[in-house]
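Taking it in order: structure first as structure tokens, then the write-up.
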Amino acid sequence: MAKPTTHNFSDIEIAQAAKLQHIRAIASKLNVEEDDIEMYGKYKAKLPLSFINEEKIAKSNLVLVTALTPTPAGEGKTTTSIGLTEGLNKIGKKTTVVLREPSLGPVFGMKGGAAGGGFAQVVPMEDINLHFTGDFSAIEKANNLLSALIDNNIQSKTRSLGIDPRTIVWKRVMDMNDRALRQITIGLGGTPNGIPREDGFNITPASEVMAILCMAENFADLKTRLGNIFIGFTFDKKPIYARDLKAQDAMSILLKDAIKPNLVQTLEGNPAIIHGGPFNIIEHG
């Protein structure tokens with residue numbers, strides 16, 4: 001069979017036709033031993049944070065691909081980044097592409113997937129575009145745990161911090177475009193269901209937890225940053241943070257695996273690290 005071309009095969013057909021290397025082989029290209037990775041099946045793995053070495057980073061070169069106008073099909077920064085990685089490896093430069101994880105909202109929307117296009121893709125494409133290693137789910141859980149603690153504290157008669165519900169800026173999240181949930185009223189149904197107030201859902205990548213996960217240098221830093229999340233004010237105009245609700249420990253333990261970068265591969269078998277999400281997402285329409 002002749003090699004497929006982008007003219008007669010779709011992105012998913014090209015990805016599914018690829019013969020993937022075992023993730024052990026991909027890790028070895030980064031000089032990472034099998035015992036040092038946490039495998040999620042044959043083609044996905046987590047890398048330990050202990051591998052972050054600032055001295056080695058300083059000796060390497062970073063090529064940032066950003067602010068590209070995509071094609072009508074949506075190929076832009078990701079496709080260019082992957083293609084550049086394939087090309088550099090082709091001429092003997094040891095190169096790894098680093099990408100953010102796709103959000104399910106755009107995946108099922110007009111934009112489609114975010115694993116590249118044509119012969120510049122990361123694989124397994126379907127896994128990466130869908131649940132992957134569960135990072136987004138962990139971020140949702142951590143975000144919404146804080147939401148639950150906020151409403152529980154407002155309801156509490158013994159541990160109340162006196163939070164003014166009108167000042168709460170923290171929203172719940174879900175990884176889907178659902179405009180009906182952007183502005184809602186919660187706490188209806190009587191005393192057992194909490195105090196009625198206005199609330200809403202953001203898409204998961206827009207969560208501050210996502211930004212914190214991407215910026216945290218280690219687990220301790222993650223916990224500190226989570227504790228510094230601003231929630232709102234008390235009736236006495238005192239600012240309230242997640243640490244006041246003692247939320248940071250529970251939130252961080254939910255993110256203990258999500259903070260670790262994911263290792264996959266390009267169509268040509270070069271290492272690809274995928275971590276975090278597009279936390280600057282703004283929904284329109």
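The values are calculated or read from the model by the stated rules, or taken from the named source; none is laboratory data. Remember, predicted model here, so these are calculated numbers, not experimental data. As a convention, Cβ positions derive from the backbone with ideal geometry for all residues, glycine included, and neighbour counts pool all protein chains shown. These area figures cover heavy atoms from the full protein model, side chains too; ligands, DNA and RNA do not enter into them. Shrake-Rupley method; radii C 1.70, N 1.55, O 1.52, S 1.80 Å.
Points to keep in mind about this one:
- Whether region 8-73 is rounded, prolate or oblate, judged on the alpha carbon gyration tensor where a/c under 1.5 counts as rounded: oblate
- Counting every pair of alpha carbons in region 100-142, the share spaced more than 12 Å apart comes to 58 percent.
- Of the GluC sites (Glu not before Pro) in region 153-248, those whose Cβ has at most 12 other Cβ within 10 Å and which sit in DSSP loop: GLU217
- Among 218-224, 146-152, the peptide with the highest mean count of other Cβ atoms within 10 Å heads the list, and the full ranking is 146-152, 218-224.
- Solvent-accessible heavy-atom area per residue, rounded to whole Å², over region 65-219 at 1.4 Å: 51 Å²
- Kirkwood-type radius of region 52-119, with distances r between different C-alpha atoms, in Å: 13.6 Å
- Each pair of Cα atoms in region 141-247 enters the Kirkwood radius, and Stokes-Einstein at 37 °C and 0.692 mPa s then converts it into a translational diffusion coefficient of 226 µm²/s.
- Modelled this way, with points 7 Å down the Cα-to-C-beta line, the labels at GLU126 and ALA17 are 1.7 nm from one another.
- Remark: for residue pairs LYS46/LYS94; LYS111/LYS223; LYS29/LYS90; LYS141/LYS260, the C-alpha separation exceeds 22 Å in LYS111/LYS223.
- Rounded to whole Å, sorted largest first: equivalent-ellipsoid semi-axes of the chain, Cα gyration tensor: 40, 22, 15
- Tail beyond 14 Å, pair distance distribution of region 81-122 (Cα, percent): 53 percent
- Placing dummy labels 7 Å off each Cα toward the beta-carbon, the span from LEU49 to VAL169 is 2.5 nm.
- Antiparallel %, DSSP beta bridges [both residues in the chain], to 5: 75 percent
- With DNA, RNA and ligands ignored, accessible area of HIS131 (1.4 Å probe; Å², nearest 10): 140 Å²
- Carbon + sulfur, % of accessible area of the chain - ligands and nucleic acids excluded, 1.4 Å: 55 percent
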